[in-house]
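**Q** Quick one: the structure is below, and I'll ask about it shortly.
The values are calculated or read from the model by the stated rules, or taken from the named source; none is laboratory data. Predicted model, so just to flag it, every value in this text is computed and none were measured. Protein only, heavy atoms only, side chains kept; ligands, DNA and RNA dropped before computing areas. Shrake-Rupley method; radii C 1.70, N 1.55, O 1.52, S 1.80 Å.
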Amino acid sequence: MTMNGVDGCLASNAAGLDPAVALFHSLSDGTRLAIVQRLACGEARVADLVAELGLAQSTVSAHVACLRDCALVVGRPEGRQVFYSLARPELMDLLASAETLLAATGNAVALCPNYGTDSSAVGVDEETKESAR
């Protein structure tokens, strides 16, 4: 996958961006992102994630499986338990870059009428936002 062309411009082959689209889509869910952020602090079992996130075990397991299928998370079996951790340290670089970008843009992303999380700030209710997608 090449995000940038030779001259630094976006690659003209949109199909070549499919892996990047899949990567960002895998991180676009709040629960998966919370799991990744938690695993950045060290490995954890699903039971640990359930307790920390306050979600159902089946929900956490499904999101961990998604991250594992995307090769972002790996499991280390120990007896009857599996300890999960981030598969690649580069993921932390990506998250750090995202935090830097968010800090630089302020609330611009949160105010986005398509993907923003703060619909009240732009006067768009959830139903309107959902129908626009």
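**Q** What accessible surface, in Å², does a 1.4 Å probe find on Arg76, ignoring ligands, DNA and RNA and rounding to the nearest 10?
**A** Roughly 90 Å² of Arg76 is accessible to a 1.4 Å probe.
**Q** Next question, about the same structure. With a 1.4 Å probe and all protein chains kept in place, how much accessible area does His25 have, in Å² rounded to the nearest 10?
**A** 120 Å²
**Q** With a 1.4 Å probe and all protein chains kept in place, how much accessible area does Cys112 have, in Å² rounded to the nearest 10?
**A** 40 Å²
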